[in-house]
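Heads up, the thing below is written out as structure tokens.
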Amino acid sequence: GGEGGDGARQQGRLAHLPLPLRAVGLCLSLCAATAGSLALLLALPLTFGRCALGLAQFPLLSDVYALATGGLLLWAAAVAAHAAHCAMRANPIGELAGKAVRTLAVGAEVVAHVLLWLGLAPFLLGRLFELLVMAPLRTERRQSACVCVPQDWAIGLLYLKVGVRMLLLPAMRAHPWGAALTQALDGGLGRDERRRILSRVLLPLLWALARLLALPYALIHGLGAIVPLSALQHALLRRFAWHGVVALAVLRRLLPLFAHASMALHDSVRDEHYLLGTRLQNHAKHSSAAAEVTSVGTQAL
């Protein structure tokens, strides 16, 4: 009651003020509220964005990036806090903790897939391309190839994208990798699809790239430790070891295809020239003439 009476008396005092003075006071209060709101909406996200970029060790090129980063982080924090509040009101703590653990597990699995698909696999593929193609072109014979991680990763990502596009073609659907990718795209990235891609596509790809990169390295250092090599021979081995291993891997893949094609060609030639009864002949006229001769002979007897 006292607070209501104080508010009424204050409104009565303000009502006795002149209209221009009240308008000026209203404008000043509006400007002060606008300035405070802008300072809060700009200063807080800007400060938070600068701190976040500094902790992440990203270069601060402009305050616009810091403002956008701080605003997005504050908005995400507000949405997460609201979702957590609603979930705590709707569900008990034990069920909420179980859902949080399952969500974190799924998120960790997705992050691992992203790191393997977009990080490790492109780098290994680009590194192999660097050792096979780029290093012999831009380095001398006695020099070793340098590792440029961003360049190798970008080249590998490009070739990985081209390879995935080729596997999704209708002619490549029969390949195990193409079938797994097609099923994943058609059925969504569920738990079973993620594990199928991991076991059928990603792990075999990483294992093949790791073998193609590690075997020449082991050959260089192992053969150099066992057999005494000159500097020129060691440089040639270091330059062309990856080419030899890749050539042997390709030959190992092509030999069964050549053997199967040769056997198919041999079987077709054998069936065409050496087997009997592969083509039906029409002997109707000869059979009718033979029947007439047989009937005449029987009548004569």
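A few notes on this one:
- Qualifying residue in segment 78-87 (condition: open to solvent by 60 Å² or more (accessible area, probe 1.4 Å) and either touching a residue at least 12 places away in the same chain (Cβ under 8 Å) or touching a Phe, Trp or Tyr at 6+ places or on another chain (Cβ under 9 Å) (or both)): no
- Some residue of segment 77-88 being within 21 Å of the chain's Cα centre (by Cα) and modelled with pLDDT of 85 or more: no
- Per the listing P59, P20, the residue uniquely part of a loop (DSSP other than H, G, I, E, B), open to solvent by 70 Å² or more (accessible area, probe 1.4 Å) and at pLDDT below 75 is P59.
- Failed item in (1) within 16 Å of A208 (Cα to Cα); (2) within 23 Å of the chain's Cα centre (by Cα), with L132 passing the rest: (2)
- For segment 263-276, the condition holds for at least one residue, the condition being that it is open to solvent by 60 Å² or more (accessible area, probe 1.4 Å) and at pLDDT 80 or above.
- Looking only at segment 36-75, residues that are in contact with a Leu (Cβ under 9 Å, 6 or more places away or on another chain) and without any contact (Cβ under 8 Å) to a residue 12 or more places away in the chain come to 3 in all.
- Options L205, L158; residue that is in a helix (DSSP H, G or I), open to solvent by less than 40 Å² (accessible area, probe 1.4 Å) and modelled with pLDDT of 85 or more: L205
- Tally of residues being over 34 Å from the mean Cα position of the chain (by Cα) and of a type in the set (A, V, I, L, M) across segment 212-236: 9
- Qualifying position, being at pLDDT below 75 and either loosely packed, with under 15 Cβ neighbours inside 10 Å or of a type in the set (A, V, I, L, M, F, W, C) (or both), among E109, E95: E95
- Residue check, G163 closer than 20 Å to A249 by Cα and free of Cβ contacts under 8 Å to residues at least 12 places away in the same chain: yes
- Lone qualifier among G297, G224, G187 - being at pLDDT below 70, more than 30 Å from V133 (Cβ to Cβ) and in contact with a helix residue (DSSP H, G or I) (Cβ under 8 Å, 6 or more places away or on another chain): G187
The values are calculated or read from the model by the stated rules, or taken from the named source; none is laboratory data. Just so it is clear, the structure is predicted and the values come from calculations on it, not from any experiment. Here Cβ is always computed from backbone atoms with ideal geometry, including for glycine, and neighbour counts include all displayed protein chains. Accessible surface areas use protein heavy atoms only, side chains included; no ligands, DNA or RNA. Shrake-Rupley method; radii C 1.70, N 1.55, O 1.52, S 1.80 Å.
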